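We did not get these values from a lab; they are worked out from the coordinates using the rules stated. Computed from a predicted structure; not experimentally measured. Here the Cβ is made from the backbone with ideal geometry for all residues, glycine too, and neighbour counts use every protein chain on show.
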Amino acid sequence: MKFRLKRRRLGQLMFVSTVAATTSNFVEKSVAQTPVKKTTPMLKSSIPETMKVTLKVNGTAHSLQIEPRVTLLDALREYIGLTGSKKGCDHGQCGACTVLVDGRRVNSCLTFAIMHTDAAITTIEGLEQGNNLHPMQAAFVARDAFQCGYCTPGQICSAVGLVKEGHAKSDADIRELMSGNICRCGAYPNIVAAVRDVLEGKKDAAV
């Protein structure tokens, strides 16, 4: 009888020991398999959220408080209110946002406003000479060089820059040098004719 009790007691002890060991292994595996969350320390940015920028547009200085990442196009349209320059593709592929920076053609959607604090920026609104249209604007009207008109401000600014560059000698040159400005209406023949008129000195074609 005593032997049986000892065997039962021994069996109970072995059972309890086995359960405890299994539970311990399970807990250890669970802890080992739990992914450790890595925390990345916050880096304090040295770039200010906004900064003061002064842009000289069409002869007038504009003082803006803007983020450094604001493009020249957005500064012109959203902060200064000059909406003549259009946002088309916003990737520098259509040319609708073309403006003149120190006389050179620039896709304003591809450049930051803070890069042009010392430059003379000219938009389509600044081409008018007093109460008269700029010769290129007049030529576009005379040649009916637009349909919907969305690309026209960029086309005209680009054409003004093209004439100043002095590289265009033929219609083929005009087409090549204006290839960065897309007209989805297909007014290209009339656009080329308008630019040719100005190149040939027919500045009063529309007057």
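Around the amide H of residue 56, modelled in the peptide plane, lie the amide H atoms of 62, 119, 121, all under 5 Å away and 5 or more residues distant in sequence or on another chain.
At q = 0.23 Å⁻¹, what is the log10 ratio I(q)/I(0) for region 78-149, with the Debye formula run over Cα points and no solvent? So the normalised log intensities work out to -1.23.
Of the Cα atoms belonging to region 95-197, the radius of gyration and Dmax stand at 13.2, 37 Å. For region 73-141, relative contact order (Cα pairs under 8 Å, six or more residues apart, normalised by length) works out to 25 percent. For region 163-184, list residues with backbone N below 20 Å from a point placed 7 Å from the Cα of residue 104 toward its Cβ? Residues passing the 20 Å test: 163-168, 177-181.
Relative to the globular-protein estimate of 2.2 N^0.38 Å, the Cα radius of gyration of region 38-165 stands at 1.22.
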